[in-house]
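As structure tokens, the structure follows; a few thoughts come after it.
The values are calculated or read from the model by the stated rules, or taken from the named source; none is laboratory data. Because the structure is predicted, anything quoted here is derived from the model rather than measured. Every residue, glycine as well, gets a Cβ built from its backbone with ideal geometry; the counts of neighbours run over all protein chains shown.
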Amino acid sequence: MSRNFQQMVSLARRYCELIEAADAEDVFWLKEVAALFPKLHAAVDVCDYGAYDASVALTPDLDTRFELYSYLVEILSDRDPYWLEFDRADDSHGMTGSLADDLTDIYCELKHGLRMADEDPERSLNIWREGFTRHWGRHLIDAERHLAALAAQGRL
């Protein structure tokens, strides 16, 4: 398989390891996630994808997803919520962005592709490409923006 694919696999594995090792006492994992996101973004953009396969859509285990999300909300604490760009125009509702939600959705999508990376690399690439285009790419961009804001505030 291509070098780009191997890089994507390596970055996806590292991201999943960081999320699985997330710890409230040590936010170094979050700094590593922030440093990893631009590389992940670039890698998914340069991978050589095949034709779209509709069967690659993620069917998440909602209980497992909710457990991870709840844990991340707890350990991120006040670093979790953020304003989305359009929220500023109307302060009548609360913050609508959640770093925990972003991290969880990215994790689920990357983990889904990793499950078949060894047995069917092309399908794995399709999972990442289609997931990025349809879903987790927006989470990645929102999370990158929020992590940059946290870093600028000295909270990362």
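So Tyr52 clears everything in (1) more than 17 Å from Glu130 (Cβ to Cβ); (2) modelled with pLDDT under 90; (3) not small (Gly, Ala, Ser) except one condition, right? Which one?
If we test Tyr52 against (1) more than 17 Å from Glu130 (Cβ to Cβ); (2) modelled with pLDDT under 90; (3) not small (Gly, Ala, Ser), just (1) comes out false.
Out of segment 1-37, which residues are over 16 Å from the mean Cα position of the chain (by Cα) and closer than 16 Å to Leu156 by Cβ?
Correct list: Asp23, Ala24, Glu25, Asp26, Val27, Phe28.
Only residues in segment 25-48 that are within 13 Å of Arg14 (Cα to Cα) count as the first member; pair them with residues that are of a type in the set (Lys, Arg) and at pLDDT 95 or above, Cβ under 7 angstrom, at least 6 apart or cross-chain, and list the lot.
Hits for this filter: Leu36/Arg14.
Of all residues in segment 79-102, which are at pLDDT 80 or above, more than 18 Å from Trp136 (Cβ to Cβ) and part of a helix (DSSP H, G or I)?
Residue satisfying the conditions is Arg79 alone.
Go through segment 109-156 and give me each residue that's within 23 Å of Asp80 (Cα to Cα), assigned to a loop (DSSP other than H, G, I, E, B) and without any contact (Cβ under 8 Å) to a residue 12 or more places away in the chain.
Across segment 109-156, the qualifying residues are Gln153, Gly154.
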